[in-house]
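S.K.: Next up is a structure, given as structure tokens.
The values are calculated or read from the model by the stated rules, or taken from the named source; none is laboratory data. Every value quoted in this text rests on a predicted model; they were computed, and no experiment measured them. When we count neighbours, we look across all protein chains shown, and the Cβ atoms used for this are built from the backbone with ideal geometry, even at glycine. Only protein heavy atoms, including side chains, enter the accessible area calculation; ligands, DNA and RNA are left aside. Shrake-Rupley method; radii C 1.70, N 1.55, O 1.52, S 1.80 Å.
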Amino acid sequence: MTVSSATGGVETRGATDSRPYIDVRDVGMSFASKSDDVIIIDGLSFTVADGEFCSIVGPSGCGKSTALRIIDGLTPPTSGEVRVGARTVTGPSLDVGFVFQQYNLLPWRTVAGNVALSLESIGTPKKDRPGKAREWLDVVGLGHVADYYPSQISGGMQQRVGLARALALEPRVLLMDEPFGAVDAQTRLLMQEQLLQIWEQRACTVVFVTHDIEEALYLSDRVLVMAAKPGRMVADIEVSFPRPRAMSVRSDPGFVRMKDEIWDLLHPGHGA
Amino acid sequence: MTATSTVIAPPSRAAGAAHAATLARERRRKWTYRAVFWAALLLAWEVAARRAGPRFLPTLESIAVDGMSGFFTNGFVVPFLDSWLQLFIGFAIALAVTIPLGVLLGWSRLPNVVLMPYVNGLFVTPTAALLPLVILFAGTDLTFRVVVVILFAFYYPLVNTATGVRQTAGGLRDLSSTLCMSKLAAFRKVVVPAATPYILVGVRLGLAAAVQGMVIAELWVLTGTGEVLKNLAQFRRLSEFFAIVILIVALALLLTGLLRLIEIRLARRGMVSAGES
Amino acid sequence: MARIVSLAALLGAWQYLSGRDNIYFVPPVQDAASSLWNEVVNGNLLRPALQTGALALTGFLLALVIGTVVGVLIAVFRPVSYVLEPIMSASNATPIAVLIPIIGIYLGLGFSGKVAIVFLFCVFAVSMNTTSGIREIKSGILEMTRAYCVTGWRRYRDVIVPAAMPALMAGVRISAGRAVQGALTAELLLAVSGLGLYLMNAGNRYDVPDLVAGTVFVSAAAFLALHLAGRWEGHVLRWRTDLKN
């Protein structure tokens, strides 16, 4: 395990493949208020390798969600740039799937209809859409509620619909913004496990924003730690527990130690 | 609730305190647009009026000069004031009945179950259709006009008061029992302040409906301002007609605007105290 | 149960009043009821009702189309909102009825004049609800729309319009009531016709049972209009599971 300052650049990891797929270059984000400029993110740089599962943890207000939106192109940065694959990000693109904390399903469409929205965007022929939508729902284990409206299913299920909608783009990159933040604790554990299974089957690159250290460690190959005021990166931590990971990895002494260390990074001055 | 769905302002989506300069620029832009558009509209009216002639469309000048002076010299002031006086009598009676009744409806279930079908039934019934019936028992004098104003105005103050009280009544029963507060004290300290914004919206909507009721009642039995308007239109004295319409609308806007101002004041006070707690 | 008791009490009071000699304007319940039955069966009420209905529906549909377009323009284009919003907020407090005496000068006392009144009764509610419906679309939904590259025509067809639909349908429901209000107002005050004519004739004849029957009929017709609007709303918003009961 390596804990290193990463404000200046990127720590070259010892991992096997490290061809950068997402390249965040000196990104800054600020806005002018009445008195002075408020800096949300200051000089953020990191890369994510192809097929890597990378989490960003940090306290609220550290700009982690903003960073994710900048990577997707939903928010333009005030300085710096982001490259995804060969493309410089100027706006949202269909090779990136986004999973929102508040699901953001269309309440007037059925579960299958919500997944079909992605299929419409990537131009799947109309006659193939119901079948395809059903397939993606089966992937997240929701084939049986395809014809329900979002308001008729639980929050956890709604978020799995959100995941199916993102997967339906067949994206190279999956950006997830505290996706399980609004889900109860037990469901959250099950969903983490399911997410890992899905990710292991289709090698896409994931950037996962969360405030839950344990969640980040359990899921990721790498955890980026951010601090607030101004939002910046303070650590880039490699997580090398073997995959597939069982739930029991959480009680591994090494896992617990890493958890404490990240806790200390997030709360300097408060002993764990 | 349908009664207020058209008047609740959308939440401001301005991002924090940012962009103060941009906001100021936007405000200037807004008033420029308004000034240009309204000037163009008045100009178009003036051009149309000069082409169409005074028997079809009066010029702005004639409305402002002939119309307004006609209002004061041709004896229209008395029926005008008379109309508003009767409006206020009717509206005051309507409020005196509907606000206590609304409190009752919001507070307890049984009156609500029993009375709401009639309240809604009366609201749904086109009030104008009641005029021939009302005239039979109320005649064409003060009683008639007051009754019509009540029929037009009762719904919003009643239903909004009930809604406002109901919003707090449930939680209030728990609160008053936890704090060992007497029902009356709880009512005075919690229900009344909580329901006041709803009541004010109801009063404002009711007042607007009452003005409409006044006009319709007077056009139907031909008294007061209604009679004046009808006659002026018939004899194509349009500059005077428009002058009176402008006065009626201005007065209605002024009164509802005042009520709106009180609402905003209260809302602001509410926000401050909520922020402090 | 309580409702049945209260209805019985009301009818009882009505019957008692009708028996008093000095109150000529309250007919016995059975007279009003039989009058209502006869007038419906022999078509004396249904024929004018069709006329009134056509008037209300025309004005309503016109207001629906124009109100929606204006509401969308206000929500989408800032200059339009700057210019038109003062009119919209003033419309709440403006008594449309003051225009009745002069509408005849510009549009005549026929169908178009009356349609204009119905239209003015309805149009502001439609456009204001449309505007607020679009403005209050959750920012998360709009963000999702961008993230999933739902752009151009699809953005409106698949997101904006359905998202604004609840508010728009609330406007439709309010307007359905106002359309009947406006139609009756026009038929009594602008040019007597339809159900307005029926009521006025009954009143002039002092035929109180017919007058009460006509009033009850108008009320029922208004209920029907609102009910139909509610059914339409329920159908359009069938995804709103919270509205079902």
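S.K.: Consider segment A:35-56. How many of its residues are in a loop (DSSP other than H, G, I, E, B), at negative phi and touching a residue at least 12 places away in the same chain (Cβ under 8 Å)?
M.R.: Number satisfying all stated conditions: 2.
S.K.: Of the conditions (1) in contact with a Pro (Cβ under 7 Å, 6 or more places away or on another chain); (2) at pLDDT 95 or above, C:Ala56 clears all except one; give me its number.
M.R.: (1)
S.K.: Also, I was wondering about something else. Out of all the residues in segment C:93-138, which are in a helix (DSSP H, G or I), open to solvent by less than 10 Å² (accessible area, probe 1.4 Å) and free of Cβ contacts under 8 Å to residues at least 12 places away in the same chain?
M.R.: Result: C:Val98, C:Ile102.
S.K.: Here's a follow-up. Can you find, within segment A:68-97, the residue that is surrounded by the most Cβ atoms within 10 Å (Cβ to Cβ) among those that are touching a strand residue (DSSP E or B) at 6+ places or on another chain (Cβ under 6 Å) and at the interface with chain C (Cβ under 10 Å from one of its Cβ atoms)?
M.R.: A:Val96
S.K.: Just to be sure I understand, how many residues within segment C:221-240 are surrounded by fewer than 16 Cβ atoms within 10 Å (Cβ to Cβ), among the hydrophobic types (A, V, I, L, M, F, W, C) and within 11 Å of chain B (Cβ to nearest Cβ)?
M.R.: The total comes to 1.
S.K.: Residues to consider are B:Thr98, B:Thr2, B:Thr6, B:Thr73; find the one that is out of contact with any strand residue (DSSP E or B) (no Cβ under 7 Å at 6 or more places or on another chain), modelled with pLDDT under 90 and in the same structural domain as B:Asn231 (by TED's automatic domain parsing).
M.R.: Result: B:Thr73 is the single residue among B:Thr98, B:Thr2, B:Thr6, B:Thr73 that is out of contact with any strand residue (DSSP E or B) (no Cβ under 7 Å at 6 or more places or on another chain), modelled with pLDDT under 90 and in the same structural domain as B:Asn231 (by TED's automatic domain parsing).
S.K.: Right, something else. So which residues in segment A:98-120 are in a helix (DSSP H, G or I) and surrounded by fewer than 20 Cβ atoms within 10 Å (Cβ to Cβ), if there are any at all?
M.R.: A:Glu120
S.K.: Restricting attention to segment B:210-240, and to residues there that are assigned to a helix (DSSP H, G or I), open to solvent by 20 Å² or more (accessible area, probe 1.4 Å) and within 9 Å of chain C (Cβ to nearest Cβ), which single residue is nearest to B:Leu101 (Cα to Cα)?
M.R.: Within segment B:210-240, the match that is nearest to B:Leu101 (Cα to Cα) is B:Gln212.
S.K.: Looking only at segment C:37-91, count every residue that is among the aromatic types (Phe, Trp, Tyr), closer than 25 Å to C:Val172 by Cβ and in contact with a helix residue (DSSP H, G or I) (Cβ under 9 Å, 6 or more places away or on another chain) and tell me the total.
M.R.: 1
S.K.: Restricting attention to segment B:17-75, and to residues there that are farther than 14 Å from C:Tyr82 by Cβ and in contact with a Phe, Trp or Tyr (Cβ under 7 Å, 6 or more places away or on another chain), which single residue is nearest to the other protein chains (Cβ to nearest Cβ)?
M.R.: So, considering only residues that are farther than 14 Å from C:Tyr82 by Cβ and in contact with a Phe, Trp or Tyr (Cβ under 7 Å, 6 or more places away or on another chain), the one nearest to the other protein chains (Cβ to nearest Cβ) is B:Ala18.
S.K.: Tell me the residue from B:Leu101, B:Leu105, B:Leu130 that is in contact (Cβ under 8 Å) with a residue 12 or more places away in the chain, aliphatic (A, V, I, L, M) and open to solvent by 40 Å² or more (accessible area, probe 1.4 Å), please.
M.R.: Criteria check complete, one pass: B:Leu101.
Yes/no matrix, rows are residues, columns are (1) hydrophobic (A, V, I, L, M, F, W, C); (2) open to solvent by 60 Å² or more (accessible area, probe 1.4 Å):
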{"position": "C:Leu7", "(1), (2)": "yes, yes"}
{"position": "C:Asn42", "(1), (2)": "no, yes"}
{"position": "C:Gly67", "(1), (2)": "no, no"}
{"position": "C:Ala90", "(1), (2)": "yes, no"}
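S.K.: A further question on this structure: Just a yes or no: is a residue in segment A:60-67 closer than 25 Å to A:Trp199 by Cβ and surrounded by fewer than 22 Cβ atoms within 10 Å (Cβ to Cβ)?
M.R.: yes
S.K.: Residues that are closer than 26 Å to B:Ala21 by Cβ, within 14 Å of chain B (Cβ to nearest Cβ) and in contact with a Phe, Trp or Tyr (Cβ under 8 Å, 6 or more places away or on another chain): does segment A:40-50 have at least one?
M.R.: yes
S.K.: Right, another one. For A:Val27, indicate whether it is over 24 Å from A:Leu217 (Cβ atoms), more than 14 Å from every other protein chain (Cβ to nearest Cβ) and of a type in the set (Val, Ile, Thr).
M.R.: Working: over 24 Å from A:Leu217 (Cβ atoms): yes; more than 14 Å from every other protein chain (Cβ to nearest Cβ): yes; of a type in the set (Val, Ile, Thr): yes.
Considered against the rule, which asks whether it is over 24 Å from A:Leu217 (Cβ atoms), more than 14 Å from every other protein chain (Cβ to nearest Cβ) and of a type in the set (Val, Ile, Thr), A:Val27 comes out as yes.
S.K.: Could you check segment C:107-165 and list, in sequence order, the residues that are at positive phi and within 11 Å of another protein chain (Cβ to nearest Cβ)? First the steps, then the outcome.
M.R.: Within segment C:107-165, the subset at positive phi is C:108, C:149, C:152.
Within segment C:107-165, just C:Cys149 meets the criteria.
S.K.: Checking C:Val72 against (1) within 25 Å of B:Leu251 (Cβ to Cβ); (2) among the β-branched types (Val, Ile, Thr); (3) in a helix (DSSP H, G or I): exactly one of these is not met. Which one?
M.R.: (1)
S.K.: Looking at B:Leu110, B:Leu104, which one is of a type outside the set (Gly, Ala, Ser) and either in contact with a Leu (Cβ under 8 Å, 6 or more places away or on another chain) or within 27 Å of B:Thr143 (Cβ to Cβ) (or both)?
M.R.: None of the other options fit; the residue is B:Leu104.
S.K.: Return the residues of segment C:179-209 that are out of contact with any Leu (no Cβ under 8 Å at 6 or more places or on another chain), more than 27 Å from C:Leu62 (Cα to Cα) and open to solvent by less than 20 Å² (accessible area, probe 1.4 Å); say none if nothing qualifies.
M.R.: none
S.K.: Hey, another quick one. Go through C:Thr215, C:Thr185 for me and flag whichever is among the β-branched types (Val, Ile, Thr), facing another protein chain (nearest Cβ under 8 Å) and under 16 Å from the mean Cα position of the chain (by Cα).
M.R.: Values: C:Thr215 fails: under 16 Å from the mean Cα position of the chain (by Cα).
C:Thr185 is the lone residue from the list that is among the β-branched types (Val, Ile, Thr), facing another protein chain (nearest Cβ under 8 Å) and under 16 Å from the mean Cα position of the chain (by Cα).
S.K.: Moving on. Inside segment A:118-133, can you point out the residues that are under 17 Å from A:Leu174 (Cα atoms) and either within 10 Å of chain C (Cβ to nearest Cβ) or of a type in the set (Lys, Arg) (or both)?
M.R.: Result: A:Ser118, A:Ser121, A:Ile122.
S.K.: If I ask for residues that are open to solvent by less than 10 Å² (accessible area, probe 1.4 Å) and farther than 27 Å from B:Ala209 by Cβ, which ones from segment B:68-98 would you list?
M.R.: B:Gly70
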